[in-house]
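The values are calculated or read from the model by the stated rules, or taken from the named source; none is laboratory data. Since we're looking at a predicted model, the values are computed, not measured. Here the Cβ positions follow ideal geometry from the backbone for every residue, glycine too, while neighbour counts run over all protein chains shown.
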């Protein structure tokens, strides 16, 4: 009887050890399994409100160097409404542009906005950033050339091969959008003659801007 009891106890202990070993192996597998990264939506996603009633010719752009944001507004009666907002990449260096090669984005005078002078297909344009990548596609599908008195070659364009810089400060002076956003901006809003206001880094949103964004 004692032999049977001892044998039974040993069998129970053996089964418990097997179960424990199995759990350890399962835990090891779970630790070794790759963790699936969840896609986190960027906080700077474009917002488009094309249905707000307005006159097409009343549309204008405000670029905030402080917030790294381009917003399309339109006048609607006595009000101003926000139609679209996009994250942007500005000049690498802060401050008002002084001359060619200073890596700054020019700021428009308070009483005289810049304007879009040409809308050009830039899908085949290349540029050498001097970073070892050579001459590469860099402008997205469209280049919205700006009239910026005292400075030339400034525009709003895409960020082919540099989309990781949007939003940010890495351009040579132009205003970069994501490639998909420059297409939307061109197809739905941009026109030759469109006013473009570029605000300094130290300028917070004006009261009318805050009200327009809330509508």
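Taking the conditions exactly as written (farther than 15 Å from residue 70 by Cβ, at pLDDT 95 or above and surrounded by 20 or more Cβ atoms within 10 Å (Cβ to Cβ)), does residue 148 satisfy them or not? Taking the combined requirement at face value, the residue satisfies it. For residues in the stretch 151-160 being at negative phi and assigned to a loop (DSSP other than H, G, I, E, B), which is surrounded by the most Cβ atoms within 10 Å (Cβ to Cβ)? Filtering first and then ranking leaves 158.
Looking only at the stretch 70-79, which residues are touching a residue at least 40 places away in the same chain (Cβ under 8 Å) and surrounded by fewer than 20 Cβ atoms within 10 Å (Cβ to Cβ)? Correct list: 79 only.
Looking only at residues of the stretch 134-144 that are assigned to a strand (DSSP E or B) and within 20 Å of the chain's Cα centre (by Cα), we find that the one that is surrounded by the most Cβ atoms within 10 Å (Cβ to Cβ) is 144. Only one entry of 172, 163 meets the criterion of being without any contact (Cβ under 8 Å) to a residue 24 or more places away in the chain, over 19 Å from residue 62 (Cβ atoms) and surrounded by 14 or more Cβ atoms within 10 Å (Cβ to Cβ), and that entry is 163. When each of 102, 131, 121, 111 is tested for being touching a residue at least 12 places away in the same chain (Cβ under 8 Å) and loosely packed, with under 13 Cβ neighbours inside 10 Å, the lone residue that passes is 121.
Every condition in (1) touching a helix residue (DSSP H, G or I) at 6+ places or on another chain (Cβ under 6 Å); (2) under 18 Å from residue 106 (Cβ atoms) is met by residue 141 except one, and the failing one is (2).
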